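Asks: Got a structure for you, questions after.
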Amino acid sequence: MAALNALPKGKGLEFSHLKKLTGATDGNLGAHIETLSKANYVAVTKTFVGKKPQTTVAATTTGRGAFGKHVAS
């Protein structure tokens, strides 16, 4: 959430970039993203670049607010 919150509103990071930043495994990062998505903290966009799937994750307004409260506490 810290990495996503540092981006301008509406901008996101590709899954592989988030994986490198966090050092998480595919499965672990995927589970975290799914949990954050269910809480409406992140928006997930899945597209194809050529024949390769590309997942982009961006913080939502709700997620930014929750992260701000977390940091403040």
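The values are calculated or read from the model by the stated rules, or taken from the named source; none is laboratory data. Treat the numbers as computed from the prediction; the structure is a model and nothing was measured. So basically every Cβ, Gly included, is an ideal-geometry build from the backbone, and we count neighbours across all protein chains shown. What goes into the accessible areas is simple: the full protein's heavy atoms, side chains included, and nothing from ligands, DNA or RNA. Shrake-Rupley method; radii C 1.70, N 1.55, O 1.52, S 1.80 Å.
Asks: From Val49, Val71, grab the single residue that is aliphatic (A, V, I, L, M) and closer than 15 Å to Ala3 by Cβ. I'd like the intermediate steps shown before the answer.
Replies: Details: Val49 fails: closer than 15 Å to Ala3 by Cβ.
Going through Val49, Val71 in turn, the sole match is Val71.
Asks: Looking only at residues in segment 52-68 that are farther than 18 Å from Glu14 by Cα and among the hydroxyl-bearing types (Ser, Thr, Tyr), which one is least open to solvent (accessible area, probe 1.4 Å)?
Replies: The selected residue is Thr62.
Asks: A follow-up question, please. I'm checking my understanding of the structure. Among residues of segment 27-44 that are surrounded by fewer than 16 Cβ atoms within 10 Å (Cβ to Cβ) and among the hydrophobic types (A, V, I, L, M, F, W, C), which one is nearest to Gly65 (Cα to Cα)?
Replies: In this case the residue turns out to be Ala39.
Asks: Ser73: open to solvent by less than 80 Å² (accessible area, probe 1.4 Å) and of a type outside the set (Lys, Arg), yes or no?
Replies: Considered against the rule, which asks whether it is open to solvent by less than 80 Å² (accessible area, probe 1.4 Å) and of a type outside the set (Lys, Arg), Ser73 comes out as no.
Asks: So which residues in segment 3-26 are free of Cβ contacts under 8 Å to residues at least 40 places away in the same chain and open to solvent by 70 Å² or more (accessible area, probe 1.4 Å), if there are any at all? Reasoning before the result, please.
Replies: At the first step, the residues of segment 3-26 found to be free of Cβ contacts under 8 Å to residues at least 40 places away in the same chain are 3, 6, 8, 16-26.
Listed by number, the residues that qualify are Ala6, Pro8, His17, Lys19, Lys20, Leu21, Thr22, Thr25, Asp26.
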